[in-house]
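This is the structure I have questions about; it appears just below.
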Amino acid sequence: AGGLQRAPARERGEALVWDECGVLQLARDEREAVAQHNAIATLGLPPGYAQQASRDAASAYAGVPLAAGGLWFPSSGWIRPLSLIDAQLAAAGARLEARFGCEAARITRGPEGWTATDRDGRTIARAPVVVLANAADALKLAPQHAIRIRRVRGQISFLPGERFAAPHVVVLRGGFVLPAMRGESIAGASYDFDDDDPSPRASSHAGNLERLARILPGAAADLDPAALQGVVGFRAVAPDRLPLIGALCNEDAAAPRNPRLATLPRCEGLFGSFAFGSRGLLWAGLGAELLASHLEGEPLPLEARLAEALDPGRFLLRALRRATSARA
Ligand SMILES: Cc1cc2nc3c(=O)[nH]c(=O)nc-3n(C[C@H](O)[C@H](O)[C@H](O)COP(=O)(O)OP(=O)(O)OC[C@H]3O[C@@H](n4cnc5c(N)ncnc54)[C@H](O)[C@@H]3O)c2cc1C
């Protein structure tokens, strides 16, 4: 929910549903409070972007008594993801040919470039470049044995306004709670590994209420997990928790003798932008910009070290280096 930057009105699009209400990131303990203090001092962040807030100050921003102080991001807020997607589709206009309700079952490369086909072998699209942006399913279309992406279930809980005094700002501390919208607030989220259950369940609501209690002490007392409603989504998470953005490797080609990211064999015209974990709303735009810069040969929007940290080839590189040192 956090990190939303102030955007000029003309860039917001008509349909955006969001609020720049401010975001509080509460410290989990004294150690994190010190780390937050040091981060603000070291990075010299402007107070309009981030500042430290005592427990009293944080509670005043939130309008309800909070469990701790933390970082206050006055120009951040929440956004409704579907409205962001609608606005992005509208902004792309005729430059984007969207196909909804069809599954790419296979991608193949021929002399003309890449072809995506459905389960019946019908062509969905042809293009010189493919960018797989379908989360954990990317590896079904382009298997990469060195890469392991886990699906992590996340359930959010809707909190009825009549039994819960919601904060006026977004508050995070292990979990999150949002301000009320149309009489209802949202708290979350569970983080369940190896759990494909798409249905909301009471045990996950109970976990969300525990997270809520660590943010707003006592606020969950009148809420019954068995009576709450919620929805479930799935995150795609890499072992190092960073996304994979860049050219995918050709694992069938001979590995270079002294492997480096720059010398790994790649699949021509095949790129990925996935495994955004819990930060997809922020990472996806940056990932698209990074890929566009790679493809157009423009300067990268990130420093080289960070771009390398996101390179999908990092996992093959580690595997090759492990194999080399095991042989030595
Ligand atoms: C409970 C919860 C809370 C979250 N909160 C936040 C938050 O506050 N801020 C934030 O930034 N992020 C948050 N996230 C994470 C965010 O939702 C993800 O990072 C983001 O959705 C990833 O976007 P994506 O497009 O890569 O993948 P997805 O949103 O998973 O979309 C992948 C799409 O690809 C489609 N697809 C898959 N395979 C194929 C195929 N073969 N052919 C055609 N289509 C295919 C799927 O149907 C799906 O529509 C949260 C996630 C959860 C679960």
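The values are calculated or read from the model by the stated rules, or taken from the named source; none is laboratory data. All values reported here derive from a predicted model rather than from experimental measurement. Neighbour counts run over all protein chains shown; Cβ positions are idealised from the backbone, glycine included. Surface accessibility is based on the protein's heavy atoms, side chains included, excluding ligands, DNA and RNA. Shrake-Rupley method; radii C 1.70, N 1.55, O 1.52, S 1.80 Å.
Once the dipole of the chain is set up with Lys and Arg at +1 and Asp and Glu at -1 on Cβ about the Cα centre, which of ALA27, ALA138, ALA326 lies farthest towards its positive end?
ALA326
Tilt of helix 81-92 relative to the longest C-alpha principal axis of the chain, in degrees (0 to 90, nearest 10)?
In the chain, helix 81-92 runs at an angle near 50 degrees to the longest axis.
Something else about it: Kindly provide the Kirkwood hydrodynamic radius of the chain in Å, to one decimal, from all pairs of distinct alpha carbon atoms.
Numbers: mean 1/r = 0.0448 Å⁻¹.
One over the average 1/r among Cα pairs gives 22.3 Å for the chain.
Could you please report the charge total around LEU316, scoring K, R as +1 and D, E as -1 over all other residues with beta-carbon less than 15 angstrom from its beta-carbon?
On the way: positive: ARG148, ARG257, ARG260, ARG266, ARG314, ARG318, ARG321, ARG322; negative: ASP240, GLU251, ASP252, GLU308, ASP311.
Around LEU316, the charge tally is +3.
Tell me, what ³J(HN,Hα) does each residue in region 221-236 have, in order and in whole Hz, if you take phi through Karplus 6.51 cos²θ - 1.76 cosθ + 1.60 with θ = phi - 60° and put x for Gly and Pro?
4, 8, 9, 9, x, 6, 9, 7, 10, x, 9, 10, x, 10, 9, 10
Assign unit charges at the C-beta atoms only (+1 for Lys and Arg, -1 for Asp and Glu), then state the dipole size of the chain relative to its Cα centre in Debye, rounded to the nearest 20. Don't jump to the answer; show the numbers that get you there.
Details: 37 positive and 35 negative charges, 184 e Å.
Using Cβ point charges on Lys, Arg, Asp and Glu, the chain gives about 880 debye.
Output ³J(HN,Hα) for region 44-57: one whole-Hz value per residue in order, computed from phi by the Karplus curve 6.51 cos²θ - 1.76 cosθ + 1.60 with θ = phi - 60°, and x for Gly and Pro.
Going residue by residue, I get x, 5, x, x, x, 9, 8, 8, 7, 10, 5, 4, 5, 5 Hz, with x marking Gly and Pro.
Sticking with this one: Counting heavy atoms of the protein chains only and a 1.4 Å probe, report the per residue accessible area for the chain as a whole number of Å².
Working: 18540 Å² over 328 residues.
That works out to 57 Å² for each residue.
For region 23-74, just run the numbers: alpha carbon Rg, then divide by 2.2 N^0.38 Å, N being how many residues it has.
Details: Rg = 10.3 Å, N = 52, 2.2 N^0.38 = 9.9 Å.
Expressed relative to 2.2 N^0.38 Å, the Cα Rg reads 1.04.
So for region 150-237, Kirkwood radius off the Cα pairs, Stokes-Einstein at 10 °C and 1.306 mPa s: how many µm² s⁻¹? Walk me through the numbers on the way to the answer.
On the way: Rh = 12.9 Å.
Reported coefficient: 123 µm²/s.
Take the solvent-accessible surface of the protein heavy atoms, probe 1.4 Å, and return the percent of it on the chain that carbon and sulfur atoms account for. Don't skip to the end; give the middle numbers.
On the way: 9720 of 18540 Å².
Ligands and nucleic acids excluded, carbon and sulfur reach 52 percent.
So, one more: Go ahead and estimate [θ] at 222 nm for the chain from helices alone: -39,500 (n - 2.57) per DSSP H run with n ≥ 4, summed, over the residue count, rounded to 500. Provide the component values of the computation, followed by the final result.
Working: 9 runs with 94 residues, N = 328.
After summing the helix terms and dividing by residue count, I get -8500 deg cm²/dmol.
Quick check for me: using +1 on Lys/Arg Cβ and -1 on Asp/Glu Cβ, what's the dipole size of region 150-237 about its Cα centre, in debye to the nearest 20?
On the way: 10 positive and 10 negative charges, 63 e Å.
That gives a dipole near 300 debye.
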